[in-house]
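To start, the structure under review is shown below, and the notes come after it.
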Amino acid sequence: LYGGGIGYGGQDPLNLTAIIRPNMIRTFPGLAKARIDFAWSGNFALTLTRIPHVGRLADNVYFSHGDSGHGVTTTHLLGKILGEAVAGHAERFHVWASLPSLPFPGGRALRVPLTVLGAWWYGLRDRLGI
């Protein structure tokens with residue numbers, strides 16, 4: 001399982017394998033001749049802080065979302081923490097729920113364009129080594 005190439009504009013790449021393969025081979029040169037059987041893309045929930053948003057809507061309604069591409073790790077941890085809270089042991093839940101959840105700037109109209117612009121800017125900085 002190898003991932004990479006985040007897109008923020010809501011467009012799926014036409015040839016995901018062609019995008020991922022060069023980075024995969026740079027990271028793992030021994031995989032240069034490996035066949036990629038499956039490649040997929042999709043949306044993920046992103047928070048401004050990149051920390052999942054955790055909270056409670058009512059006495060018996062808990063939530064966790066916005067794993068920001070780290071769901072394989074955080075969903076298991078937060079599932080356990082939410083289960084503890086439901087069982088009456090909410091100490092760890094309160095730690096997560098107290099973390100700030102900031103709105104994206106620009107409201108609904110500018111959220112996606114500003115996110116795309118910001119991702120482009122930081123990607124450019126990474127490529128230039130700034």
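Across the stretch 116-130, what is the total count of residues that are among the hydroxyl-bearing types (Ser, Thr, Tyr) and either farther than 18 Å from residue 47 by Cβ or modelled with pLDDT under 80 (or both)?
The number of residues fulfilling the criteria is 0.
Within the stretch 24-34, identify whether any single residue is at pLDDT 90 or above and either polar (S, T, N, Q) or under 21 Å from residue 117 (Cα atoms) (or both), and answer yes or no.
Scanning the stretch 24-34 turns up at least one residue that is at pLDDT 90 or above and either polar (S, T, N, Q) or under 21 Å from residue 117 (Cα atoms) (or both).
Name every residue in the stretch 46-73 that is touching a Ser or Thr at 6+ places or on another chain (Cβ under 8 Å) and β-branched (Val, Ile, Thr), in order of residue number.
47, 49, 51, 54
Given 86, 95, which one is more than 19 Å from the chain's Cα centre (by Cα), in contact (Cβ under 8 Å) with a residue 24 or more places away in the chain and not assigned by TED's automatic domain parsing to the domain that holds residue 118?
Exactly one of 86, 95 is more than 19 Å from the chain's Cα centre (by Cα), in contact (Cβ under 8 Å) with a residue 24 or more places away in the chain and not assigned by TED's automatic domain parsing to the domain that holds residue 118, namely 86.
In the stretch 13-130, which helices (runs of 4 or more DSSP H) lie fully inside it and hold 2 or more residues that are exposed (fewer than 10 other Cβ atoms within 10 Å of the Cβ) and of a type in the set (D, E, K, R)?
Because the criterion is at least 2 residues that are exposed (fewer than 10 other Cβ atoms within 10 Å of the Cβ) and of a type in the set (D, E, K, R), the helices (runs of 4 or more DSSP H) in the stretch 13-130 that meet it are 107-128.
Quick one: residue 19 ticks every box in (1) assigned by TED's automatic domain parsing to the domain that holds residue 2; (2) in contact with a Phe, Trp or Tyr (Cβ under 6 Å, 6 or more places away or on another chain) bar one, so which box is it?
(2)
When the stretch 44-63 is examined, which residues are found to be touching a residue at least 24 places away in the same chain (Cβ under 8 Å) and of a type outside the set (Lys, Arg)?
If the condition is that a residue be touching a residue at least 24 places away in the same chain (Cβ under 8 Å) and of a type outside the set (Lys, Arg), then 44, 46, 47, 48, 49, 51, 52, 53, 54, 55, 60, 62 are the ones that fit.
The values are calculated or read from the model by the stated rules, or taken from the named source; none is laboratory data. Computed from a predicted model, the values in this text were never measured in an experiment. We place every Cβ from the backbone using ideal geometry, glycine too, and count neighbours over all the protein chains shown.
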